[in-house]
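The structure appears below as structure tokens.
The values are calculated or read from the model by the stated rules, or taken from the named source; none is laboratory data. Note that the coordinates shown come from a computational prediction; the quantities given were computed from them, not determined experimentally. Positions of Cβ are generated from backbone atoms using ideal geometry, with glycine treated the same way; all protein chains shown enter the neighbour counts. When the accessible area is computed, the model is the full protein with side chains, heavy atoms only, and any ligands, DNA or RNA have been set aside. Shrake-Rupley method; radii C 1.70, N 1.55, O 1.52, S 1.80 Å.
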Amino acid sequence: QVQLVESGGGLVQAGGSLRLSCAASGTVFSISTMGWYRQTPGKQREFIARITNGGNTLHDSSIKGRFTISRDNAKNTIYLQMNSLKPEDTAVYSCNAVSRGSTYWGQGTQVTVSS
């Protein structure tokens, strides 16, 4: 079992920055990949970025150049640095972890970007 807790969301003005964190606990040694997604009401969850335990990253083209995923293995935590935020980035941001064929999700953190 893996537990995930996100933090760092909040209200920011357009053009501003936020850094989200996702801390993993439990059987963290078995995690192969962790990622970030976001969702707005009435829409499907949208992939943002993922990072493997080897440090390989993949960013969706829609946020490439503005958002960056990273990880601190010593803290079992991944981050999402979000720069040049836009009102359309407003969403609930969630992290996930893939471990032994199962996918675990955090509870999400709200990001609101005001114009």
For Arg45, indicate whether it is open to solvent by 40 Å² or more (accessible area, probe 1.4 Å), charged (D, E, K, R) and within 11 Å of the chain's Cα centre (by Cα).
-> no
Applying the selection to segment 43-80, what residues are of a type in the set (Lys, Arg) and within 19 Å of Ser25 (Cβ to Cβ)?
-> Arg71, Lys75
When the residues of segment 91-115 are filtered to those that are open to solvent by less than 30 Å² (accessible area, probe 1.4 Å) and farther than 11 Å from Leu4 by Cα, which remaining residue is modelled with the lowest pLDDT?
-> Ser99
Between residues in segment 21-35 that are over 21 Å from Ser7 (Cβ atoms) and touching a residue at least 40 places away in the same chain (Cβ under 8 Å) and residues that are crowded, with 17+ Cβ neighbours inside 10 Å and among the polar types (S, T, N, Q), which pairs lie under 6 Å by C-beta distance while being six or more apart or on different chains?
-> Ser30/Ser99
If Asn83 passes every condition in (1) more than 20 Å from Gly8 (Cα to Cα); (2) in contact with a strand residue (DSSP E or B) (Cβ under 9 Å, 6 or more places away or on another chain) but one, which one does it miss?
-> (1)
Check segment 35-57 and report whether any residue there is farther than 19 Å from Gly108 by Cβ, part of a loop (DSSP other than H, G, I, E, B) and out of contact with any strand residue (DSSP E or B) (no Cβ under 8 Å at 6 or more places or on another chain).
-> yes
Could you tell me which residue of segment 66-90 is farthest from Thr52 (Cα to Cα), considering only residues that are outside any loop (DSSP other than H, G, I, E, B) and open to solvent by 70 Å² or more (accessible area, probe 1.4 Å)?
-> Glu88
Of all residues in segment 1-22, count the ones that are aliphatic (A, V, I, L, M) and open to solvent by 40 Å² or more (accessible area, probe 1.4 Å).
-> 3
